[in-house]
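One structure below.
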Amino acid sequence: MKPSALTRISLRTVALGYLFVLLLLPLIIILWRTFENGIDAFIDSITTPAAISAFQLSLLIVAIVVPVNVVFGVVTAIALVRGRFPGRNLVQGIVDLPFAVSPVVVGVSLILLWGAGGWFGGLENAGVKVIFNLPGMVIATIFVTLPFVVREVEPVLHEIGDDQEQAAATLGASRWQTFWRITLPAIRWGLTYGVVLTVARALGEFGAVIMVSSALPGQSLTLTLLVHGRYINDHNSFGAYCAATLLMGIALVTLLLMTLLERKRGAK
C-alpha cells in the first residue's frame, strides 16, 4: 500500500524536525556563540599556546595511530578473509570489541595494565611513563579506532575474490609482489575510507583519552580535552565554543572527504 501524500509529508517533517533539534540546532548555537564577538576573537582563542599545543598533539596522535591501524587492519582483514584458522570467530569478535566497550572502561583497563601498580607497571620504574603521558593516549586511541580499517577492507576483499592473486602466484610472483601489485590497488578505496574514519575518531576521542591523560597544557592536552578543560575547569565558555568550532570544522572536512570517497568508490 502506497502511503498518501499527507503521510509522506508528515514523516519527512518529523524526520527533519528530529534532525534539526538534535543536530543542527546545537551546531547553530555553538557557531553563534563562537562568532558573536567577531572573527578576530575566535582566531585569538584558537591561537593561544595551549590551543596550538593541543592541536599539534591531536595531529601527532593521529600521525601515530593511523599507520599502526592501517598495517594491523590490512593484515587482519586479509587473515580473516583469506585464512581459515582456529579461533577465527574469536578474532572477529575481538575486532568489534571497541564498538561494544565504553571508552571509559578502556581507559580504566589501560590504567590497570600500564599504571604504576599494573601488570606492566615496572616500565614506569624503568623511566618509561605510559599512563598520563603520550604513549597511554596513543594506546587508548589505537584501541577505540581499531575496527575501522578492518571492517572497511574486509568486504572489499570478499568482493574481489582471490582469482587474480592465485593467477599471480602461478606466474611466480612473491606474496609481497602479489599484495603490492594486485591486492593493494584493489582495496585502495576501502582502505582510504577506513583511514578517514580512523582520523575522525582519533581526533574526536574523549572518554578513553581523558582517563589516561593528565590534561596538562603542552604535555597531554588534546583538542577534545581542551574543550572540556575550558568549559568545566576554567569556566571559559567562549574559549570552549571556539575550540569546539575548530573541532567541528575538522569534522566537516572529514565528512566531506568521506562523501567524496564514497561516491568514487560507488562509481568503480
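The values are calculated or read from the model by the stated rules, or taken from the named source; none is laboratory data. These figures come from a predicted structure and were not determined experimentally. Because the Cβ atoms are built from the backbone with ideal geometry, glycine has one as well, and the counts that use them run over all protein chains shown. Surface areas here come from the heavy atoms of the whole protein model, side chains and all, with no ligands, DNA or RNA. Shrake-Rupley method; radii C 1.70, N 1.55, O 1.52, S 1.80 Å.
General observations
- Cβ-Cβ under 6 Å pairs, at least 6 apart or on other chains, the stretch 31-45 side in contact (Cβ under 8 Å) with a residue 60 or more places away in the chain, far side of a type in the set (A, V, I, L, M) and exposed (fewer than 14 other Cβ atoms within 10 Å of the Cβ): none
- Within the stretch 98-111, residues that are over 11 Å from I139 (Cβ atoms) sit with their Cβ atoms under 7 Å from residues that are aromatic (F, W, Y), at 6+ positions apart or across chains, in these pairs: P98/F143.
- Subset of the stretch 72-121 that is hydroxyl-bearing (S, T, Y) and within 19 Å of the chain's Cα centre (by Cα) - its residue that is farthest from V150 (Cα to Cα): S102
- Residue in the stretch 59-77 that is farther than 25 Å from P217 by Cα and not in a helix (DSSP H, G or I) present: no
- Residue match in the stretch 194-208 (condition: surrounded by 15 or more Cβ atoms within 10 Å (Cβ to Cβ), over 26 Å from A140 (Cα atoms) and out of contact with any Ser or Thr (no Cβ under 7 Å at 6 or more places or on another chain)): no
- Look at the stretch 70-88: where a residue is open to solvent by 70 Å² or more (accessible area, probe 1.4 Å) and a partner is of a type outside the set (A, V, I, L, M, F, W, C) and modelled with pLDDT under 95, sitting 6+ places away or on another chain with Cβ atoms under 9 Å, you get R82/D162; R82/E165.
- Hits in the stretch 225-251 (condition: among the polar types (S, T, N, Q) and in contact (Cβ under 8 Å) with a residue 40 or more places away in the chain): S237, T245
- Residue within the stretch 214-224 that is under 22 Å from V95 (Cβ atoms), under 17 Å from the mean Cα position of the chain (by Cα), polar (S, T, N, Q) and in a helix (DSSP H, G or I) present: no
- Figure legend. Inter-residue proximity from the stretch 252-268: first residues open to solvent by 100 Å² or more (accessible area, probe 1.4 Å), second residues at pLDDT 70 or above and in a helix (DSSP H, G or I), beta-carbon distance below 8 Å, spacing 6+ or different chains. Indicated pairs: K264/W189; K268/W189.
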